[in-house]
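Report on one structure; see the data block that follows.
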Amino acid sequence: MDTPIQPQIFDTAQIPAADRFGLWLEMLAQTPTLMRIRTEHADNFEARAEFLELGPIQLIRHRYPPLHGIRTRKLISRSDADCYLLALTLNGTGIADQDGQRGICPPGDLTFYDCARPQELTHHVDDADDRSAASIVALIPYDALPLPHRRLTPLFASRMSGAEGIGALLADYLIRITSHPEQYHAVDADRLGGVALDLTATLLGRHLVSEEAVPTEVRRRALLAQVHAYVRQHLGDVTLGPGTIADAHHLSVRSLHRLFEDEETTVAAYIRDERLARCRRDLADPALADRSIQVIAGRWGFRDKAHFSRAFRATQAETPQAFRARHLEQARIVNSTASGVNSTRTQ
């Protein structure tokens, strides 16, 4: 069975209130974002960080009390700082200052800065009853972005909208990945990180000058990511195919096929594989054991049971019935064992 992505979780709720802020600072010291922090909640710093490793990049989903941070050259010298940081505000208002520029980011907006340069950060909440600010940050090595370092300087601490265009696509992607990492396979981590990089590079290029500032390959991969997202959202539509996908993205069918030329798949094969992946997930889910195989196949866009069975056997080397029986039996054994353990502990 495919192993899901497992985040590393740091949660101060697991330790005494008096120790929480100090432990948070110790955790922060192990990252490229080491800062001197001030907060009115040092006596009970309720915070949580979930770390996801996605190939070349790291995503961190933060929740913490309002704070103010300063990153000096001395602190920079004590950390591995050869990376950029892209931040998406989830709750509260984030204010970033770097190189004389300031970005004020309400929920849904993004900012970007260089970890090797001094910076100042404030994150506060507007509701007095709300004790938590929240954000998602992506740590990106310099060489992972196809844009020259010197050209990115105008964007440091700038505000970029996450409500429209590429910014909205990137924001939604970061939220989905960090909200439910267990829905994604560990073997796909590099690809998932690559999609985030492509979207980030495209967003930055658009904010620099114009679309011409974005390398052709980056534009191609960003468009490919949009096509992938569209396919995943419309798998249940039996009419989904190269024609409908091309129309939705204002492409010719020929251009769509050309977009997939450097991939290890075709448009039709990608649709089929995504549908089969959803079917495998549902067939292995004990909660859906009462649904017929035909209903599951139809839910994900397979027109008839015979076609689905042939496609399934071609990739799994077993029938859908055998696959379901094997996985439900594994789930029964695991649940039975867990039930026995829990029963023993409560005696």
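The values are calculated or read from the model by the stated rules, or taken from the named source; none is laboratory data. The model shown is predicted, which means the values in this text are computed figures rather than measured ones. Glycine gets a Cβ as well: all are built from the backbone with ideal geometry, and neighbour counts include every protein chain shown. For accessibility, only protein heavy atoms count, side chains too; no ligands or nucleic acids. Shrake-Rupley method; radii C 1.70, N 1.55, O 1.52, S 1.80 Å.
Taking a probe of 1.4 Å, how large is the accessible area per residue of the chain, in Å²? Could you put the intermediate results ahead of the total?
Details: 17770 Å² over 347 residues.
Computed with neighbouring chains in place, this is 51 Å² per residue.
One Cα centroid belongs to the stretch 92-164, the other to the stretch 30-71; the line between them spans 13 Å.
With each label modelled as a point 7 angstrom along the Cα→C-beta vector, the residue 273-residue 8 pair spans 3.0 nm. In the chain, Cα pairs under 8 Å separated by at least six residues give a relative contact order of 13 percent.
Placing +1 on the Cβ of each Lys and Arg and -1 on the Cβ of each Asp and Glu in the chain, which of 187, 314, 27 has its Cα farthest towards the positive end of the resulting dipole? Among 187, 314, 27, the one farthest towards the positive end of the dipole of the chain is 314.
Ranking 326, 159 by solvent-accessible area of protein heavy atoms (1.4 Å probe, all protein chains present), from largest to smallest, gives 159, 326. Only helices reaching 15 angstrom along their own axis (Cα) with mean Kyte-Doolittle hydropathy no lower than 1.0 count here, and for the DSSP H runs of the chain these are 165-179. Rounded to the nearest 0.05, what FRET efficiency do residue 330 and residue 244 have when you use their Cβ-Cβ distance and R0 = 35 Å? For R0 = 35 Å, the calculated efficiency reads 0.40. Full extension of the segment from residue 125 to residue 255, taken as 0.36 nm per residue of separation minus the current Cα-Cα distance, would add 42.2 nm.
What accessible surface, in Å², does a 1.4 Å probe find on residue 305, ignoring ligands, DNA and RNA and rounding to the nearest 10? Surface accessible to solvent at residue 305 totals approximately 90 Å². Here the relative contact order of the stretch 81-213, from alpha carbon pairs under 8 Å that lie six or more residues apart, stands at 26 percent.
Selection among 91, 145, 39 by position relative to the dipole of the chain gives 145 as farthest towards the positive end (Cβ unit charges, Cα centre).
Could you tell me whether the stretch 244-304 comes out rounded, prolate or oblate from its Cα gyration tensor? Rule is a ≥ b ≥ c as square roots of the eigenvalues, rounded for a/c under 1.5, then prolate if a/b exceeds b/c, otherwise oblate.
On the way: a/c = 3.79, a/b = 2.42, b/c = 1.57.
Since a/c reaches 1.5 and a/b is larger than b/c, the shape of the stretch 244-304 is classed as prolate.
Among the listed values [x] 40; [y] 33; [z] 28, the one computed from these coordinates for percent of Cα pairs over 33 Å apart is [x]. For the chain, the fraction of 1.4 Å probe accessible surface lying on carbon and sulfur atoms is 50 percent. For residue 27 and residue 164, what does the FRET efficiency come to when R0 = 45 Å and r is the distance between their Cβ atoms, rounded to the nearest 0.05? The computed FRET efficiency comes out at 0.85. Peptide packing for 133-146, 257-270, 279-292 was compared via the average number of neighbouring C-beta atoms within 10 Å per residue; ordered from the highest value, the list is 133-146, 279-292, 257-270. Placing a label point 7 Å from the Cα of residue 186 along the Cα-to-Cβ direction, the residues of the stretch 26-68 whose backbone N falls under 20 Å from that point are 50-61. Taking 0.36 nm per residue of sequence separation and removing the Cα-Cα distance, the residue 285/residue 18 pair yields an extension gain of 91.8 nm.
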